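Reading through the structure tokens given below for one structure.
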Amino acid sequence: KGEPGFLTVVCDPFCDSVSAAGRNLGPSPVVRAALPPGSHGVTLRRSGSPTKSISVTIVSGQTTARRVKMGS
């Protein structure tokens with residue numbers, strides 16, 4: 001399968017939880033996690049805001065970064 005890649009998510013202003021690959025990666029403003037290569041759905045939650053979902057493609061040995069604006 002290859003070495004894992006990394007996902008960095010920055011939530012603006014913040015997220016209560018960020019999850020991907022079936023696991024909770026923790027709260028944000030910044031989350032960094034190792035994930036297996038391939039496509040992943042990422043779910044971002046913030047109290048009082050709609051849940052957001054994004055799709056990312058992780059490449060072995062590389063960091064994929066996303067900034068997500070969380071509405072009120």
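The values are calculated or read from the model by the stated rules, or taken from the named source; none is laboratory data. Everything quoted here is computed from the prediction, not taken from an experiment. Every residue, glycine among them, receives a Cβ derived from its backbone with ideal geometry; neighbour counts consider all protein chains shown. These area figures cover heavy atoms from the full protein model, side chains too; ligands, DNA and RNA do not enter into them. Shrake-Rupley method; radii C 1.70, N 1.55, O 1.52, S 1.80 Å.
Send over a whole-number figure in Å² for the accessible area per residue of the chain, probe 1.4 Å.
Result: 56 Å² per residue.
Provide the descending list of Cα extents for the chain along its principal axes, expressed in whole angstroms.
39, 18, 16
Lys and Arg at +1, Asp and Glu at -1: add these up for the other residues within a Cβ distance under 12 Å of Ile54 and post the number.
So the surrounding residues net to +4.
So between Thr43 and Ala65, what do we pick up on full extension, going 0.36 nm a residue minus the alpha carbon distance?
6.5 nm
Multiply the residue gap between Arg32 and Glu3 by 0.36 nm, knock off their C-alpha separation, and tell me the result in nm, one decimal place.
That pair, Arg32 and Glu3, stretches by 8.8 nm at full extension.
List the trypsin sites (Lys or Arg not before Pro) within segment 1-48 that DSSP assigns to loop and that have no more than 14 neighbouring Cβ atoms inside 10 Å.
Sparse-neighbourhood loop trypsin sites (Lys or Arg not before Pro): Lys1.
Bins of 10 Å, beginning at zero and ending with the bin holding the largest distance: percent of Cα pairs per bin for segment 10-51, please.
In whole percents, the pair-distance histogram is 30, 56, 14, 0.
Please give the net charge around Pro13, taking every other residue with its beta carbon less than 15 angstrom from that of Pro13, where Lys and Arg add +1 and Asp and Glu add -1.
+3
With both bridge residues required to lie in the chain, what share of the DSSP beta bridges run antiparallel, to the nearest 5%?
75
Using a 1.4 Å probe over the heavy atoms of the protein chains, calculate the carbon and sulfur portion of the accessible area of the chain as a whole percent.
The computed percentage sits at 51.
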